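The structure appears below as structure tokens.
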Amino acid sequence: MANNGRRSVKAKKGPTIGTGGHGRKALEGKGPTPKAEDRPYHKAHKSKQLAERSAAKRGTGARSAGAARTGPKGRATEEVVTGRNSVVEALRAGIPAKALHIAIRIEMDDRVKESLKIAAERGIPLLETGKPELDRMTDDAVHQGLVLQIPPYEYQDAYDLAEETVNRWKKGHVANAPLFVALDGITDPRNLGAIIRSVSAFSGHGVIVPERRSVGVTASAWKTSAGAAVRVPVARAANLNSALKQFKNMGIFVLGLDGDGDVSLPDLTLAKEPVCIVVGSEGKGLSRLVRENCDQIVSIPIDSAMESLNASMAVGISLYEVSRQRATK
């Protein structure tokens, strides 16, 4: 007999070697499932993005004339002017520019041709850019294949500008007494542009704007100033009231414009002295603290049927009167 009646015994299986925990991570949970709108591959995510873009457009207003892009802490990093009419007008006005972006295979018209001509004459880089990139740069605004990049404006410090101007005047390097315009609560860039233009026309030395809740030098302000922003410095004050107090310590008289002033503009006696004219918004006028920091409140005689003047118009009239009085012996 082959097995001699003996039963075959299978070899006993020994202990197996463990994984040592190498597969532990694979067994761990991955947390709660993300919402559909937070998954990039889900159609709900695309719907959410479109809704956010639409809300951004409604919140920022007309971006075709130029809008600031923001960086860390909300600081403006650059600005773009979009649309053929806006771009060519900005180039005509001499607005500083970093680059002119042109869509690939753009359909030429007179506005595009003129924009290319001016950009080439001024040495502005011309960049042929795809539509997706232009859409991204403009947050999907209507750009018509033309986008002008504008560098951020470099503001001077209000105190430094005033001190430098006063010192130059005392040394005879500046013919006229220091003349500034400060803005209190004005948020319309077109008002700022028009004020800069008036300051330039009447030999003013600068415009002061607060850092918060105030307009800045945007593309719209550049365009409205008709290039005067190149000649007139715009300075920022961390706190307008503190800046006005510093101006007074330097010997600069602070004059606030308001309808119920202490002095009528034709009766102003401080025109030939160093002066800072402060103008408030058309609706609210001068704020209480700014009003208290003024040496005089000056009013412009107008028809009683008119409640108030536009801020830039009031500044222009006041600067003319100051200039007229300074020209008389």
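Residues whose amide H falls under 5 Å from that of residue 278, counting only those 5 or more places apart or on a different chain, are 182, 255, 256, 257, with hydrogens built in the peptide plane. Within the straight-line cut-off of under 16 Å between alpha carbons, the aspartates and glutamates reachable from residue 131 are 107, 139, 140, sequence neighbours fewer than 8 places apart in one chain being disregarded. Between the range 184-260 and the range 118-171, the C-alpha centres lie 18 angstrom from each other.
Measuring r between the beta carbons of residue 239 and residue 113 and using R0 = 41 Å, the FRET efficiency lands at 0.30. In this label model, residue 212 and residue 260 are separated by 2.8 nm, measuring between points 7 Å along each Cα→Cβ vector.
A full extension of the chain between residue 157 and residue 105 corresponds to an added length of 14.3 nm, given 0.36 nm per residue minus the alpha carbon distance.
Of the beta bridges in the range 219-319, as assigned by DSSP with both residues counted there, near 10 percent are antiparallel.
Ignoring aspartates and glutamates fewer than eight residues from residue 284 along the same chain, the ones with Cα atoms less than 15 angstrom from its Cα are 184, 188, 258, 260, 307. Pairs spanning more than 25 Å between alpha-carbon atoms, out of 113/223; 170/245; 223/248; 245/272: 223/248.
Only the coordinates and a few stated rules stand behind these numbers; no lab work does. Only a predicted model underlies this, so the values are computations on that prediction, with no experimental measurement involved. Glycine gets a Cβ as well: all are built from the backbone with ideal geometry, and neighbour counts include every protein chain shown.
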